[in-house]
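Before any comments, here is the structure.
We did not get these values from a lab; they are worked out from the coordinates using the rules stated. Because the structure is predicted, anything quoted here is derived from the model rather than measured. Note that each Cβ is placed from the backbone with ideal geometry, even for glycine, and that neighbours are counted across all protein chains shown.
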Amino acid sequence: MSSIFYILYDVFDTQLKTRGFCTFRDMEYDIRQLVQREPAELAAFLNELINRDFGGLIRLLYRLDISETKLRSILADLPQEDAGVLIASLILEREAQKQKSREEFKQSGEIPEDERW
């Protein structure tokens, strides 16, 4: 890769650190940290990904289990809206669904004696 790529990569990596996000060097987004941000901060971060690391955005959406069909539909239905805001709302909605599901299927931790190994 060219040296300009590495310079831009370092600049953007530094921007992420100063905003309190996990960086690309980690090659892993801290999802808990990401969804705990204010929606406006999350939208701004997503807009930066759209502009600077679209592949990273796709990987993030895949890891968060965001419906591609729903995302495409919302973006097509609301073309004048800020894509970062729309994607942020989908992420927050999906995380709330996951939390609700975890609570519904939460186990007490006690395994009956006859089912233990």
Tail beyond 18 Å, pair distance distribution of segment 64-114 (Cα, percent):
47
First measure r as the distance between the Cβ atoms of Asp82 and Glu104, then evaluate 1/(1 + (r/R0)^6) with R0 = 35 Å and state the FRET efficiency to the nearest 0.05.
0.60
